[in-house]
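Single-structure report; data block below.
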Amino acid sequence: MKITAIEKEQGKLSEKNLDLACQKLSEIGYVIFENLLPLEFVEKVRKEFENNESLPEGEIQRNHFFRGLFLDSHIIDNPIALQIIEAMLGTEFFSFLPYGCNTTRRESRYWNDAEKQWIHRDSGHLFPSFVLGLG
């Protein structure tokens, strides 16, 4: 999804784009924004991620995301992400860091030995009676 320079600068989506983001989140479970984060920042995060890609399986591999750049406010306190969450859940929602940050490695293989895995939710709806799906 593309956002305007003004939205990016202000850290706030227009009403039209907020509605579209909420619709995408409701229908497919995620929203991807083009060029929301500064390229230099993304490159630093990628380098940090790649530096840690050979960590051993288990707790060390999962928990290295709880330090450094991975805790930057661009990622865990992003105003546009929070705007979308508030629009969908209200202002009194509870949020926490992802369970185990289970990011996969490049050499990982998936179901049926596939080499790639598309973006997806890892679970079903948290509250099936809600009109919108939360994963």
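Just so you know, all these numbers are worked out from the coordinates, no wet-lab data involved. A quick note: this is a predicted structure, and the numbers were derived from the prediction, not measured. Please note: Cβ atoms are built from the backbone with ideal geometry, for glycine as well, and neighbour counts cover all protein chains shown.
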Practice prompt. Mind ranking 68-78, 32-42 by how tightly packed they are, going by the mean number of other C-beta atoms within 10 angstrom, highest first?
Written response: 68-78, 32-42
Item to complete: Once you have a ≥ b ≥ c as the square roots of the Cα gyration tensor eigenvalues for region 1-56, tell me rounded if a/c is under 1.5, and otherwise prolate or oblate according to whether a/b is larger than b/c.
Response: oblate
Discussion item. What FRET efficiency comes out for Ile76 versus Val42 if R0 is 25 angstrom and r is the Cβ-Cβ distance? Round to the nearest 0.05.
Written reply: 0.95
